[in-house]
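Inspection log for the structure reproduced underneath, given as structure tokens.
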Amino acid sequence: MGKKWRNEAERHAFFLSKGVDKAVREHNMIEEGDRVLVGVSGGKDSMSLLRLLAYRRKYSPIHYELVAAHVRGDARGVEIALPDSFVKWLEDEGVPYVIRDIMLTPYEQLPMDCERCGRNRRRTLFQIAEEQGCNKVALGHHLEDFSHTALMNLFLHGRLETMAFRRDYFGGKFGLVRPLAYIRENDLVRFAKACEFPIVQADCPMATMSRRQAARDLMMQIGKEFRSANSNIVHAAFIGDDHAQI
């Protein structure tokens, strides 16, 4: 008799969690007793990550705890409204959560470029992780994000490098992990639709002008002709795993 699921969302979670398990096991992303801070931006990827880590926790022999964290703000600063529907979603997920304004220096030039905004966002997440007693920080980057990063590094620096699946910071105090590394974006789109996530629409004015968006647009065109382009680029970038960069 085939597997029975209560709904379409659970069916997607069952199959996607296999890819999450593979990434977690192969790169020691989550270990016994870990307390994991999950960065939840309000987009489909990070919301899927929180839901999938909570789903697999029910069946995993490894015991770990979850805390969700939303860093409010973007390139324009911190005065960004947060929909009530997203806050209620966080409340209903059954894990502790924190909402914090992005950390900015007193002399921060606004609007920030994407690299600077990303660094400030990670700095804020690490601070929350320390306050919450978390030793891991999980981000929702999927397979295509890795290929886009590799392409940007190739064009900018002449090196085919991408993000690390796992990287330790501050002498091993925190581990930054990306459990969706083997998951394709289209699968996350279907999962988010089945789950009816109240996705927060990003309206940062820098988004459409970023180098990442340019790499994304290029890979969309390449992917129409070469179906395995994204996975092949990531594989090539990780032939020398020690070259992987954040």
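Some values worked out for this structure:
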quantity	calculated
Exclusive hit being of a type in the set (A, V, I, L, M, F, W, C), surrounded by 15 or more Cβ atoms within 10 Å (Cβ to Cβ), touching a Leu at 6+ places or on another chain (Cβ under 7 Å) and more than 20 Å from Asp145 (Cα to Cα), set Leu53, Leu66	Leu66
Every pair of residues 6+ apart whose Cβ atoms lie under 7 Å, when the first sits in segment 163-185 and is farther than 10 Å from His27 by Cα and crowded, with 21+ Cβ neighbours inside 10 Å while the second is among the β-branched types (Val, Ile, Thr) and modelled with pLDDT under 95	Met163/Thr149; Met163/Ile246
Residue match in segment 101-109 (condition: within 16 Å of the chain's Cα centre (by Cα) and among the aromatic types (Phe, Trp, Tyr))	no
Residue in segment 34-50 that is at pLDDT 95 or above, surrounded by 15 or more Cβ atoms within 10 Å (Cβ to Cβ) and over 26 Å from Asn120 (Cα atoms) present	no
Qualifying residue in segment 168-182 (condition: touching a Gly at 6+ places or on another chain (Cβ under 7 Å), among the aromatic types (Phe, Trp, Tyr) and under 21 Å from Gly43 (Cα atoms))	yes
Residue match in segment 204-218 (condition: loosely packed, with under 13 Cβ neighbours inside 10 Å, in a loop (DSSP other than H, G, I, E, B) and under 19 Å from the mean Cα position of the chain (by Cα))	no
Asp74 vs. criteria surrounded by 17 or more Cβ atoms within 10 Å (Cβ to Cβ) and modelled with pLDDT under 95	yes
Condition broken by Glu144, with the remaining ones in (1) touching a residue at least 12 places away in the same chain (Cβ under 8 Å); (2) farther than 18 Å from His70 by Cβ; (3) out of contact with any helix residue (DSSP H, G or I) (no Cβ under 6 Å at 6 or more places or on another chain) satisfied	(3)
From the options Ala9, Ala81, residue that is farther than 24 Å from Arg167 by Cβ, in a helix (DSSP H, G or I) and of a type in the set (Gly, Ala, Ser)	Ala9
Flag for Ala207 being modelled with pLDDT under 95 and within 27 Å of Arg76 (Cβ to Cβ)	yes
Selection within segment 142-162 - in a loop (DSSP other than H, G, I, E, B) and either touching a Cys at 6+ places or on another chain (Cβ under 6 Å) or within 17 Å of Arg25 (Cα to Cα) (or both)	His142
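The values are calculated or read from the model by the stated rules, or taken from the named source; none is laboratory data. All of these numbers come straight from a predicted model, not from anything done at the bench. Neighbour counts run over all protein chains shown; Cβ positions are idealised from the backbone, glycine included.
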